Amino acid sequence: MVTSSPDSGNGNGNPVRTVIVPAAGMGTRFLPATKTVPKELLPVVDTPGIEMIAEEAASAGASRLAIVTAPSKDGVLGHFDPRPDLEQTLAERGKDKIAAKVRRATEVIRVESVVQNKPLGLGHAVLVAEPLLDDDEDCVAVMLPDDLVLPMGVMDRMREVRERFGGSVLCALEIPHEEVFNYGVFDIEPAGGEGAKGEDSPADVKRVRGMVEKPDPEDAPSNYVAVGRYLLDRAIFDALRRIPRGKGGEYQLTDAIELLIQEGHPVHVVVHDGFRHDLGNPGGFIRACVDFGLRHPDYGAGLRAYMEERLEQDQ
Ligand code: G1P
């Protein structure tokens with residue numbers, strides 16, 4: 001049964017039914033690999049980043065992954081198509097565990113897609129996904145596949161915060177001041193306003209007074225930045241239609257959120273007690289591979305021994 005009351009997005013009390021995944025970027029920083037392989041398919045150990053996002057979306061209770069692709073990036077969607085031929089061959093060879101891994105992406109969540117024909121920015125990418133939503137969805141999540149936010153599961157906390165404070169909720173991390181120019185940066189105050197205590201002002205929640213995309217460090221309102229997880233009220237689409245082009249000549253999601261704030265819409269952040277890997281550039285991607293590699297049951301011990309030996313050579 002689907003109901004239309006606020007915060008009952010999939011009819012079972014979970015407000016997140018759709019997760020939009022913008023995956024239309026050119027992957028410039030990963031060329032030449034991304035000439036033919038979309039960056040979202042590059043594997044962290046053996047699993048493409050986009051499959052990890054699909055898992056995270058499903059764990060957050062979502063039932064639909066709305067992938068925004070570019071005209072030349074069909075491979076991203078192909079990853080979620082069944083491959084019965086491959087599964088059969090693997091099964092015939094007794095490789096059932098690997099066959100299950102192949103099947104996983106087809107089972108985890110329903111994937112739908114829309115094409116962003118021109119690279120007009122993150123805000124535009126989110127806007128082109130609007131037609132995929134059902135009429136009764138009051139909110140939508142956005143997960144950026146460049147950002148691996150660990151430990152996984154921050155969307156659960158963001159959902160609780162939306163239930164408590166309404167409006168839209170984003171994920172924030174505190175980072176060194178000199179790095180803020182790469183991010184959307186928050187101007188924040190305690191949730192519930194100055195002086196609020198207890199349940200009215202949980203320590204990990206802040207109210208957002210303003211948000212600015214990639215400011216110069218000297219203009220940045222804080223060191224708290226947006227890291228790729230958004231739980232947005234449906235009003236975001238209307239705001240996205242009303243913003244002008246912003247930073248880099250693109251339509252910025254940050255600017256639409258700032259517009260909502262100016263119009264009195266509540267926006268909060270969950271300050272995540274964790275960290276994030278940036279899969280969008282080779283330096284961050286290598287770290288993620290090392291991190292997941294070290295924790296891998298098959299490869300962890302060997303990788304650790306190799307790294308210790310290798311680092312010793314460099315001393
Ligand atoms: C995007 C957003 C930015 C956010 C960042 C997180 O920027 O525009 O506000 O802080 O993702 O990764 P991008 O990295 O796509 O340029």
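The values are calculated or read from the model by the stated rules, or taken from the named source; none is laboratory data. Everything quoted here is computed from the prediction, not taken from an experiment. Don't worry about glycine lacking a Cβ; one is built from the backbone with ideal geometry, like all the others, and counts go over all protein chains shown.
Just one of (1) among the polar types (S, T, N, Q); (2) within 23 Å of residue 141 (Cβ to Cβ); (3) within 13 Å of the ligand (Cβ to nearest atom) fails for residue 168. It is (3).
Before we move on, is residue 251 away from the ligand (no atom under 16 Å from the Cβ), at pLDDT 95 or above and not small (Gly, Ala, Ser)? No; evaluated as a whole, the condition is false for this residue. Selection over the range 232-248 of residues that are under 19 Å from the mean Cα position of the chain (by Cα) and either in a loop (DSSP other than H, G, I, E, B) or away from the ligand (no atom under 15 Å from the Cβ) (or both) gives a count of 3.
Quick one: would you say residue 34 is among the polar types (S, T, N, Q), closer than 18 Å to residue 116 by Cβ and crowded, with 20+ Cβ neighbours inside 10 Å?
No, not satisfied.
Quick check: anything in the range 107-118 surrounded by fewer than 21 Cβ atoms within 10 Å (Cβ to Cβ), closer than 17 Å to residue 59 by Cβ, within 16 Å of the ligand (Cβ to nearest atom) and among the hydrophobic types (A, V, I, L, M, F, W, C)? No; the residues of the range 107-118 include none that is surrounded by fewer than 21 Cβ atoms within 10 Å (Cβ to Cβ), closer than 17 Å to residue 59 by Cβ, within 16 Å of the ligand (Cβ to nearest atom) and among the hydrophobic types (A, V, I, L, M, F, W, C). Those strands (runs of 3 or more DSSP E) of the range 138-221 in which 1 or more residues are touching a helix residue (DSSP H, G or I) at 6+ places or on another chain (Cβ under 9 Å) and basic (Lys, Arg) occupy 205-213. Residue 125 falls short on exactly one of the conditions (1) farther than 20 Å from residue 48 by Cβ; (2) assigned to a helix (DSSP H, G or I); (3) within 16 Å of the ligand (Cβ to nearest atom), and that condition is (1). Does residue 292 count as away from the ligand (no atom under 14 Å from the Cβ), in a helix (DSSP H, G or I), modelled with pLDDT of 95 or more and within 21 Å of residue 123 (Cα to Cα)? Criteria not met by residue 292. The C-beta contact set for the range 211-237 (first residue free of Cβ contacts under 8 Å to residues at least 12 places away in the same chain, second residue β-branched (Val, Ile, Thr) and within 10 Å of the ligand (Cβ to nearest atom), distance under 8 angstrom, 6+ apart or interchain) comprises 219/212. Comparison of 280, 264 shows that the only residue that is outside any helix (DSSP H, G or I), over 18 Å from the mean Cα position of the chain (by Cα) and either buried (at least 18 other Cβ atoms within 10 Å of the Cβ) or more than 14 Å from the ligand (Cβ to nearest atom) (or both) is 264.
In the set 194, 178, 213, only one residue is crowded, with 19+ Cβ neighbours inside 10 Å and of a type outside the set (Phe, Trp, Tyr); that residue is 213. Among all residue pairs at least 6 apart or on different chains, which show Cβ distances below 7 Å where the first residue, located in the range 184-196, is among the polar types (S, T, N, Q) and the second is part of a strand (DSSP E or B) and within 16 Å of the ligand (Cβ to nearest atom)? Pairs found: none. The number of residues in the range 55-84 that are touching a residue at least 24 places away in the same chain (Cβ under 8 Å) and outside any helix (DSSP H, G or I) comes to 17.
Residue-level check: of (1) within 10 Å of the ligand (Cβ to nearest atom); (2) within 19 Å of residue 126 (Cα to Cα); (3) within 19 Å of the chain's Cα centre (by Cα), residue 256 misses just (1).
For the range 85-105, how many residues meet the condition of being out of contact with any Lys or Arg (no Cβ under 8 Å at 6 or more places or on another chain) and either surrounded by 12 or more Cβ atoms within 10 Å (Cβ to Cβ) or not in a helix (DSSP H, G or I) (or both)?
First, pick out the residues of the range 85-105 that are out of contact with any Lys or Arg (no Cβ under 8 Å at 6 or more places or on another chain): 85-86, 88-101, 103-105.
Next, from what is left, pick out any that are either surrounded by 12 or more Cβ atoms within 10 Å (Cβ to Cβ) or not in a helix (DSSP H, G or I) (or both): 86, 89-91, 93-95, 98-101, 103-105.
Looking only at that region, the number is 14.
Tally up the residues in the range 267-277 that are away from the ligand (no atom under 15 Å from the Cβ) and in contact with a helix residue (DSSP H, G or I) (Cβ under 6 Å, 6 or more places away or on another chain), please.
Residues in the range 267-277 being away from the ligand (no atom under 15 Å from the Cβ) and in contact with a helix residue (DSSP H, G or I) (Cβ under 6 Å, 6 or more places away or on another chain): 1 in total.
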